[in-house]
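Accompanying notes for the structure given below.
The values are calculated or read from the model by the stated rules, or taken from the named source; none is laboratory data. None of the values given here were measured: they were computed from a predicted structure. Here the Cβ positions follow ideal geometry from the backbone for every residue, glycine too, while neighbour counts run over all protein chains shown. Surface areas here come from the heavy atoms of the whole protein model, side chains and all, with no ligands, DNA or RNA. Shrake-Rupley method; radii C 1.70, N 1.55, O 1.52, S 1.80 Å.
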Amino acid sequence: MTAAIESHEAAPARTAKGAVFDRTFEALCFGAATLLLTALGGLIVSLAIGGWPAFAKFGPRFFISSDWDPVQEVYGASGAIVGTLVSSALALLFALPLALGVAIFLVELCPVRLRRPIGTAVELLAGIPSIVYGMWGLFVFAPWFAHNVQLPIMTAAPPGSIWETITSGVPNGAGILAASLILAIMILPFIAATLRELLLTIPPAVRESAYGLGSNTFEVIRKVSLPYIRTGAVGAIMLGLGRALGETMAVTFIIGNSHGFPTSIFASGATIASTIANEFAEATGELHTASLIALGLVLFVITFAVLALARLMIGRQVNS
Amino acid sequence: MIRRLLLGLAAAAALAGCSGKGGETKAPAGPQISGAGATFPAPLYAKWAEAQRAATGLTLNYQAIGSGGGIKQIEAGTVAFGASDKPLKPAELEQNGLLQFPTVMGGVVPVANLPGVAPGAIKLTGPVLADIYLGKVKTWADPELAQANAGVKLPNLPITVVHRADGSGTSFLFTSYLAGVAPAWAKVGASDSVAWPAGIGGKGNDGVAALVKQTPGAIGYVEYAYAKQNGMAYALLQNASGAFVAPTAASFAAAAAGADWANAPGFYLLLLNQPGKDAWPITGATFILMHRRQADPAQARAVLSFFDWAYKNGDAQALALDYVALPEPVKALARRSWAGIVGPDGKPVYAPAS
């Protein structure tokens with residue numbers, strides 16, 4: 001990039017035609033970039049305006065309360081916010097070790113013949129529409145999960161113990177934990193692909209030096225490869241998290257959709273995105289619509305913060 | 001549901017195909033009208049539109065964006081008619097200069113998953129159903145249930161309450177019914193989405209059905225057509241005259257027949273707990289909303305002629321898709337109400353033949 005600019009500047013006198021063309025080209029590129037920014041700014045402003053009645057009416061209570069009652073017109077977003085953060089965090093917890101394993105295997109250990117098929121298969125996961133994950137989650141995964149995970153754990157819990165409290169719920173496979181598992185599958189390919197790219201940026205000399213010093217594979221990965229990509233990896237994780245936060249359809253199908261704070265790992269909950277998807281089409285009251293738009297703004301801010309953090313960290317990695 | 005969806009899709013595809021071709025080669029033969037709103041009657045409107053396009057050349061562009069969306073769109077005036085499963089109150093109609101009339105009916109059916117209990121074997125009363133949904137009745141062995149179900153062996157299972165997670169006319173009818181029969185339900189209220197005191201939410205009829213099927217001891221509620229087409233284990237409900245009735249097309253029709261439509265301004269009438277020993281207690285119509293004062297009389301005329309045609313010729317199609325047709329006197333009342341839709345000159349835009 002820099003080389004290109006230098007050679008461009010060093011070029012001898014340009015023809016008038018070239019200058020006009022360049023000017024137009026620059027203007028077009030500038031327009032493309034600013035148009036997007038304007039749209040983004042407009043989006044924030046319109047969300048803020050649309051959600052304003054809710055913020056004005058409920059004030060800080062909108063973020064603290066978990067009451068969500070369209071009949072009394074009382075809205076509090078905390079249940080949905082907590083549901084969003086918990087389900088995304090759990091999804092990350094499940095997806096990260098797997099993604100790391102996939103990426104390390106593909107880059108460091110995989111026979112060259114298998115590298116492409118496995119890489120493609122992981123990337124294919126990213127191409128499956130989320131509604132398909134939702135349907136599969138509800139009709140296939142949830143019954144399996146209820147029968148093979150939830151019931152054994154719930155029946156094994158001694159009555160009256162804390163174990164029983166945190167595993168209480170309806171044994172039908174729909175809930176925050178099940179939604180997190182589905183989310184984990186959905187964000188896995190994004191994290192794995194980014195981690196793989198990061199691992200590929202490690203200069204062979206670095207890795208080979210470590211091997212030359214007598215390290216075994218595990219030591220090379222743990223002490224050389226992973227520290228080398230550390231900051232970039234955090235960015236990759238944040239990108240996955242950003243996707244998990246905004247995922248709508250798959251979560252709506254399987255999270256159980258009850259407002260309020262989750263009380264156990266099998267409890268049903270709601271996320272910001274699922275609440276909007278569920279209620280926006282039929283919301284007629286002004287305050288109801290405003291509250292849903294306000295929820296949208298909250299999600300926007302959360303996702304924006306996560307992605308900005310990710311950019312920052314990836315940027316640091318690239319510069320270092 | 002699946003069958004209806006497929007039919008709806010096929011009809012929509014046929015429509016799209018036809019109008020696409022028409023747009024490319026020549027202008028469509030008849031007028032084009034646009035509507036938006038309720039998803040519940042959408043497959044039927046598509047079917048009607050398909051039949052009517054063949055008969056009269058009229059083209060309907062109907063967007064099933066949900067009742068709330070339909071109300072917003074007609075208030076904004078972006079469509080010729082809005083459709084809603086939830087009737088607007090006369091005051092709201094007045095405020096927005098709208099007129100409302102019913103097209104077709106459906107009902108809400110409680111379904112349960114009780115191993116060893118045949119469909120239709122459990123009997124529920126309104127208050128018991130409300131107590132279940134309030135979370136007060138927690139197991140199927142509860143004495144309140146045993147009372148109504150003498151002779152039926154109910155399993156000792158915890159009750160899992162399943163409700164709709166998405167805002168829906170089905171929930172509106174169901175909660176309105178509970179509010180009507182059980183004073184305790186007043187604290188929850190009636191709306192297309194409420195703060196449910198108990199249970200879990202499924203998305204759409206199929207979401208509720210899947211959760212009920214997957215959970216022994218679950219109870220849920222779905223649209224009649226959905227319950228029928230999927231052979232779900234429904235429960236009998238006690239109606240206003242004390243009889244336990246099964247959800248059938250006949251029992252919905254009985255509810256509509258007993259209703260006092262003539263004295264319901266703006267057709268604001270929920271067919272809940274209607275008199276008549278065969279009447280199903282949770283029945284409701286779906287509605288069309290139009291502006292009373294029309295800037296474009298030709299457009300309004302086309303919309304009204306569409307529904308006039310559907311009243312005359314559309315009952316068989318409604319029945320085939322498991323909707324319930326309106327009784328003839330109600331159709332006559334609706335036709336008469338159309339005189340309230342006037343053009344810029346103050347004259348009614350459409351005069352029904354009958």
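Direction-averaged projected area, Cα convex hull, chain B: 17.4 nm², rounded to one decimal.
The slack between A:GLU26 and A:ALA305, meaning 0.36 nm per residue of separation minus the straight C-alpha distance, is 97.4 nm.
Structural descriptor for the stretch A:53-319: relative contact order 29 percent, calculated from alpha carbon pairs under 8 angstrom and at least 6 residues apart. Each Cα pair under 8 Å and six or more residues apart adds its separation to the average, and for chain B the resulting relative contact order is 22 percent.
When B and A come together, around 2200 square angstrom of accessible surface is lost from both chains combined, probe 1.4 Å. Both radii come from the Cα set of the stretch B:29-150: Rg as radius of gyration, Rh as Kirkwood radius; their ratio Rg/Rh reads 1.18.
Over all orientations, the stretch A:223-266 has a Cα convex hull whose mean projected area works out to 5.0 square nanometres. Sequentially through the stretch B:159-176, phi angles give Karplus couplings (6.51, -1.76, 1.60; θ = phi - 60°) of 8, 9, 7, 10, 10, 6, 8, 8, x, 7, x, 4, 5, 4, 5, 5, 6, 5 Hz, Gly and Pro residues having no value and appearing as x.
Derived from the Cα gyration tensor, the three semi-axes of the equivalent ellipsoid of chain A are 40, 33, 16 Å, largest first.
Ligands, DNA and RNA left out, the 1.4 Å accessible surface of the protein assembly as shown is 66% carbon and sulfur atoms. Evaluating 6.51 cos²θ - 1.76 cosθ + 1.60 at θ = phi - 60° for every residue in the stretch B:114-125, the Karplus couplings come out as 10, x, x, 10, 6, x, x, 7, 8, 10, 10, 9 Hz, glycine and proline recorded as x.
The mean count of C-beta atoms from other chains within 10 Å of the C-beta of residues in B:194-205, rounded to a whole number, is 6. Packing, as the average of other Cβ atoms within 10 Å across residues, places the peptides B:118-125, B:254-261 in the order B:254-261, B:118-125, highest first.
Take A:GLU108: with every protein chain present and a 1.4 Å probe, its accessible area is about 40 Å².
Dipole magnitude for the stretch A:53-319: computed about the Cα centre from +1 point charges on Lys and Arg Cβ and -1 point charges on Asp and Glu Cβ, it is near 1060 debye.
Inter-chain Cβ neighbour count for B:61-67, averaged per residue, equals 2 (cutoff 10 Å, partner chain atoms only). The distance linking the stretch A:195-228 with the stretch B:158-196 is 60 Å (Cα centroid to Cα centroid, whole angstrom). Each of the peptides B:49-55, A:187-193 was scored by the mean count of other Cβ atoms within 10 Å over its residues; in descending order, highest first, they stand as A:187-193, B:49-55.
What does the average come to when, for each residue of peptide A:173-184, you count the partner chain Cβ atoms lying within 10 Å of its Cβ? What the average comes to for A:173-184 is 1. Each residue of the stretch B:140-152 is assigned a 3J(HN,Hα), and the resulting list reads 6, 8, 4, x, 4, 6, 4, 4, 7, 10, 4, x, 9 Hz, derived from the Karplus form 6.51 cos²θ - 1.76 cosθ + 1.60 (θ = phi - 60°), x at Gly and Pro. Spin-label model, B:ALA339/A:ARG115: points 7 Å from Cα along the beta carbon direction are separated by 8.4 nm.
Note on exposure: B:VAL349, B:VAL152 ranked by accessible area (1.4 Å probe, complete protein assembly) read B:VAL152, B:VAL349, with the most exposed listed first. With the simple model of a label 7 Å out from the Cα in the direction of the Cβ, A:LEU151 to A:THR165 spans 2.8 nm. Per residue, the protein assembly as shown exposes an accessible area of 44 Å² to a 1.4 Å probe, with every protein chain left in place. In plain terms, if you count all Cα to Cα distances in the stretch A:44-190 and split them into 5 Å steps from zero, the share in each step is 2, 8, 11, 13, 14, 14, 14, 11, 7, 4, 2, 1, 0 percent.
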